[in-house]
1. Out of residues 5 or more away from A:Thr41 or on other chains, whose amide H comes under 5 Å of its own, with H placed 1.01 Å from N in the peptide plane?
2. Here are some pairs, A:Lys315/B:Lys43; A:Lys294/A:Lys353; A:Lys294/B:Lys43; A:Lys167/A:Lys258; A:Lys167/B:Lys232; which of them have Cα atoms lying more than 26 Å apart in this structure?
3. Just add up the charged neighbours of B:Val279: K/R +1, D/E -1, any other residue whose Cβ is under 10 Å from the Cβ of B:Val279.
4. Work the Kirkwood hydrodynamic radius out for the protein assembly as shown: mean of 1/r over every pair of different alpha-carbon atoms, inverted, in Å.
5. How large is the convex hull of the C-alpha atoms of chain B per residue, in Å³?
6. Enter the per residue convex hull volume of chain A, computed from alpha-carbon coordinates, in Å³ rounded to the nearest integer.
7. Report the charge-dipole magnitude of segment B:124-253 in Debye, nearest 20, computed about the Cα centre from +1 at each Lys and Arg Cβ and -1 at each Asp and Glu Cβ.
8. Report the semi-axes of the equivalent ellipsoid for segment A:169-296 in whole Å, largest first, where each axis is √(5λ) for an eigenvalue λ of the Cα gyration tensor.
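The values are calculated or read from the model by the stated rules, or taken from the named source; none is laboratory data. As the structure is a computational prediction, the values presented were derived from the model and not from experiment. Quick reminder, even Gly has a Cβ in these numbers, built from the backbone with ideal geometry, and neighbours come from all protein chains shown. Note: accessible area is taken over every heavy atom of the protein model, side chains too, but ligands, DNA and RNA are not part of it. Shrake-Rupley method; radii C 1.70, N 1.55, O 1.52, S 1.80 Å.
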Amino acid sequence: MSVTLDSIEPNQFDAFLSTLSSEDVIAFDDLYVRYEPKTDTYEFETNEITASRLSESELHEQARQASDYLTNWWFWSEVVGDEVPHLFAFLRFLEDGDEHPVVDRYAALADGMTKAWGQLQITTTLAQDGARQYEIRHVDDHDSSASTLDAYSDPLSARDISTFDGKGRYRPLRTAPSLPTGWVFTELSARDAYETVDTFYPATIANWYREHQGTIDIDHWRDTAERQTGIYGIIDELAYDAVEHVAATCCTDSQCLKRREWQYDEETPLHAEGGDGIFPCREPCSLVVAAARKWTTLEREETETYTFELTSSEKEQIEDIIHAVADDETDDIREADVYEGANRYRARFLREKRMDEHGHLIEADAGHGHSDHEQDTHEE
Amino acid sequence: MQSLVIVAHGSHLNPDSSAPTHDHADTIRSIGAFDEVRTGFWKEEPSLREVLRTVEGDEIYVVPLFISEGYFTEQVIPRELRLDGWDVSQWDSDGLSADHAVITAEDIDRTVHYCGPVGTHEAMTDVLVRRAESVTGDSDVGDGFGFAVVGHGTERNENSAKAIEYHADRIRQMDRFEEVQALYMDEEPEVDDVTDFFETEDIVVVPLFIADGFHTQEDIPEDMGLTDDYTKGYDIPAHVDGHRIWYAGAVGTEGLMADVILERAADAGASIGDALEIVREQTRSAEPAMGD
Ligand code: SF4
């Protein structure tokens with residue numbers, strides 16, 4: 001594959017020379033260049049070329065001919081830099097930087113390389129000077145022409161886009177798979193691409209990086225529960241089985257795109273699905289802690305035996321209603337679709353038939369409803 | 001490299017809770033006083049647990065967007081940020097005077113300057129007054145006006161009432177408003193009886209809260225009799241018992257709050273150049289013109 005860019009900018013060559021004069025050697029991706037002070041010449045090596053004893057002008061010519069290598073070095077060391085390791089690693093990941101040789105990568109970048117990050121689709125392309133440009137959109141908009149999407153360029157816009165879901169409901173969990181569609185960030189710089197992703201999915205890049213480095217710090221359920229104080233201090237009462245339910249309820253991919261890595265404790269794994277997400281979840285989040293508080297108080301209750309009379313279709317209907325709510329499908333059930341158990345008319349009919357004027361299920365024998373309801377405490 | 005980290009409560013239920021935090025962060029970003037401005041939340045993301053690992057600076061100033069010293073600033077935030085060896089005595093505070101402590105954040109093994117909450121900073125008094133100016137549309141408001149600062153009360157900790165008293169005293173000392181009164185939601189003197197406490201016809205009421213929510217948008221307007229039903233809204237000013245009540249909503253939504261955040265960081269040693277002057281001017285002109 002031939003080079004995709006056939007020139008280098010003067011500032012790129014200047015940066016190249018000045019790095020060589022201070023460090024003597026540049027070794028990056030498939031480029032190796034060395035300055036030999038004794039002879040004031042350069043050695044230059046890529047996958048295609050090996051040349052030595054080059055004068056500065058010969059070096060310039062060599063660099064121009066191998067401009068992909070040079071602009072690649074320039075982008076990674078001068079534009080991105082390695083001061084923020086997780087930013088560097090993330091951008092490398094976006095173009096499989098550690099897997100493909102420069103020339104192949106440039107060929108692929110010419111068409112655009114695409115990666116998914118949660119519900120984001122991130123496409124990396126090359127600008128004229130070899131700097132990368134990034135486009136970010138919702139994965140479900142992969143087929144849309146960018147002109148049909150609302151265009152953004154400020155990374156902080158991601159905050160507003162991701163505050164509500166497509167139905168206008170507040171999203172308390174940024175990694176819930178409910179990101180609305182219909183927008184695109186175009187021509188982002190490396191830094192802005194990083195900031196945009198970090199705004200949609202805060203801290204996911206830093207945690208992904210730590211995981212890759214083998215330094216991810218997992219706080220398991222017990223660690224997290226025992227750390228809590230105030231109104232959340234009670235959650236360490238939750239039994240193992242209930243914690244299983246919590247994880248299965250909240251942390252599966254249909255609810256959260258982080259991959260749950262926390263377990264009950266260091267020795268005791270949970271069997272609930274943790275999901276296949278690319279970025280890890282390193283401890284129960286605040287939403288799970290707050291919900292667990294409610295479950296802790298509910299789990300304190302003893303079971304009782306009730307006798308209700310239901311037809312088998314009515315029993316099935318109650319199951320349908322629970323599924324519809326749990327799977328967030330109530331809005332999808334059409335008003336007149338009385339074939340669905342969770343249809344509004346069906347539910348109203350059931351209520352008319354099986355519940356008393358206080359809204360309680362009528363018991364078969366006693367006829368006394370359980371009307372003592374625990375006062376709900378307002379979440380703080 | 002200098003970083004500012006604003007930490008706040010946030011909410012799983014109410015998106016307005018974190019809105020002021022983001023707004024003030026944006027204001028500070030726009031004037032470039034810090035190389036980096038990040039936000040972290042107890043209830044939103046990035047969480048307090050993880051915000052520091054996204055921070056790049058080596059001089060890190062953590063400013064809690066909270067009203068008073070207490071449970072959150074003394075226990076929750078230091079624990080969640082993993083401030084190694086934190087002890088509240090490092091603030092050496094009487095409940096109002098926490099300024100800052102230098103401490104290592106274990107998560108990133110870098111030192112951070114952990115500042116006192118915005119609510120107890122003296123600059124907060126100016127924000128309360130600015131809020132009165134905004135709601136009345138009069139930058140000289142004072143003559144013929146009473147001023148009520150409203151707080152929770154001692155429900156959670158006594159320092160919350162201290163902060164209310166402190167600012168009410170300071171406003172009183174300005175000699176700008178005819179009468180100044182601290183009122184509470186859950187103890188005497190109660191905000192329900194606001195009109196009993198003032199002779200003046202006009203009363204500006206400013207809740208010392210960080211964000212609008214349940215208390216400031218539902219409880220207080222109904223308790224004061226501005227409306228029977230908060231969902232229907234209320235007039236500004238609203239007529240109650242022969243008084244005109246100018247209800248301002250949470251002080252924390254006032255643009256000038258960015259100034260207090262900057263003051264906290266500057267007190268802890270951040271170099272912020274002329275950012276304070278810029279913010280004071282910028283947030284003034286951003287106010288909608290009302291009245292004359
Ligand atoms: S605990 Fe982690 S995986 Fe589970 S819902 Fe919260 S963020 Fe998602």
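1. A:Glu36
2. A:Lys315/B:Lys43; A:Lys294/A:Lys353
3. Net charge around B:Val279: -3.
4. For the protein assembly as shown, inverting the mean 1/r across all distinct Cα pairs yields 28.8 Å.
5. 118 Å³
6. 194 Å³
7. 640 debye
8. 28, 17, 13
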